[in-house]
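Below is one structure, written out as structure tokens, with a few remarks after it.
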């Protein structure tokens, strides 16, 4: 009987192994991905441990800097509409976080804030920046406000789009990919089996405006997730314990705009209230009919709100100088050859009442 059970188990394991092999999805080719998703605009900032952080920078080099930080499983491409809307007046920088896009995995597999900030530090140094406005979505929003806590002198302002990091008692349904990654077997499988159909379902689960999803978007998420090392990096991020620093949000004094999609299935929109309650200079806007990615689902409104925030709260126009007072009617101009104002003449007796 024991031999029969052993034989059955071996056959089951062989069958499972065969399924993994037959269904396995290989990594994409790094050079092909750099050519397709990097191109002539691609820049690379040297970072800790030999990591090269992929980023793009457009706009005048002497203009105020804005750094765009994407969320988990995304890339700098998620910010394309906002970049195009701001680049005439701002130095707009978007980068692929460690474990994402063309940056690839962190060399030490460190996905705590201390490890993830290596990417942001590299961009600051490469661009020679002393300060910038940080605009982040989801996990990128968490990165943004955490950096404002740890490095307040370099954060001029914040835009938190469906940002994570606020404890919540509300549950959300999440999307397929994230539900799989919360399970140990799922994480193991996802690093080897990543069907395009699964990525498609995950994107549909994150967005409310499904009409903007196209094949090019699905391919970009699918191919960059399979960039060498990125799938394991994503699994590592789901097992990395992050410090709850939400009790330090009150230390952030930079002006902050919080934007949430009312239909966000990943992070409950009540988190917007959590940020406003904790941060002294924060206000929130809720977008009806929008999900987890407002910068892609409502690009025109999002760009307009960000620009208005930058122009009125972060970089308000200087007050106009007070106009010179007009001379009194009938008064003679005051002047003298030696630059000293002459004394007024004594009134004559005929002028006195």
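The values are calculated or read from the model by the stated rules, or taken from the named source; none is laboratory data. Just so you know, these numbers come straight off a predicted model, no measurement behind them. Backbone-built Cβ (ideal geometry, glycine too); neighbour counts: all protein chains shown.
Residue count for the stretch 285-304 under the criterion of being in contact with a strand residue (DSSP E or B) (Cβ under 8 Å, 6 or more places away or on another chain) and either part of a helix (DSSP H, G or I) or crowded, with 18+ Cβ neighbours inside 10 Å (or both): the result is 11.
Residues considered: 247, 215. Of these, the only one that is modelled with pLDDT of 95 or more, surrounded by fewer than 15 Cβ atoms within 10 Å (Cβ to Cβ) and under 26 Å from residue 166 (Cα atoms) is 247. Checked against (1) modelled with pLDDT of 95 or more; (2) more than 24 Å from residue 96 (Cβ to Cβ), residue 210 passes all but condition (1). Name the residue that is nearest to residue 129 (Cα to Cα), counting only residues in the stretch 101-113 that are surrounded by 24 or more Cβ atoms within 10 Å (Cβ to Cβ) and in contact with a strand residue (DSSP E or B) (Cβ under 7 Å, 6 or more places away or on another chain). Among those that are surrounded by 24 or more Cβ atoms within 10 Å (Cβ to Cβ) and in contact with a strand residue (DSSP E or B) (Cβ under 7 Å, 6 or more places away or on another chain), it is 103.
Quick check on this structure: which one of 83, 56 is part of a strand (DSSP E or B), buried (at least 19 other Cβ atoms within 10 Å of the Cβ) and modelled with pLDDT of 95 or more? On inspection, the qualifying residue turns out to be 56.
Identify, from the list 301, 283, 278, the residue that is within 19 Å of residue 70 (Cα to Cα) and at pLDDT 95 or above. When all the criteria are applied, what remains is 301.
With the checklist (1) more than 19 Å from the chain's Cα centre (by Cα); (2) assigned to a loop (DSSP other than H, G, I, E, B); (3) farther than 26 Å from residue 84 by Cα in hand, flag the one item residue 235 doesn't pass. Checking residue 235 against (1) more than 19 Å from the chain's Cα centre (by Cα); (2) assigned to a loop (DSSP other than H, G, I, E, B); (3) farther than 26 Å from residue 84 by Cα, the one that fails is (2). Taken as a whole, the structure places residue 98 among residues that are surrounded by 20 or more Cβ atoms within 10 Å (Cβ to Cβ) and over 23 Å from residue 268 (Cα atoms). Only residues that are touching a residue at least 40 places away in the same chain (Cβ under 8 Å) and within 16 Å of residue 138 (Cα to Cα) were counted across the stretch 270-297, and they come to 12. Would the stretch 26-44 turn up any residue that is within 19 Å of residue 125 (Cβ to Cβ), surrounded by 22 or more Cβ atoms within 10 Å (Cβ to Cβ) and touching a residue at least 24 places away in the same chain (Cβ under 8 Å)? For the stretch 26-44, residues within 19 Å of residue 125 (Cβ to Cβ), surrounded by 22 or more Cβ atoms within 10 Å (Cβ to Cβ) and touching a residue at least 24 places away in the same chain (Cβ under 8 Å): absent.
Output the number of residues of the stretch 144-199 satisfying the condition of being at pLDDT 75 or above, part of a helix (DSSP H, G or I), in contact with a helix residue (DSSP H, G or I) (Cβ under 7 Å, 6 or more places away or on another chain) and within 19 Å of residue 74 (Cβ to Cβ). Matching residues across the stretch 144-199 total 6.
Looking only at the stretch 59-79, how many residues end up being within 15 Å of residue 307 (Cα to Cα) and part of a helix (DSSP H, G or I)? Here the count works out to 1.
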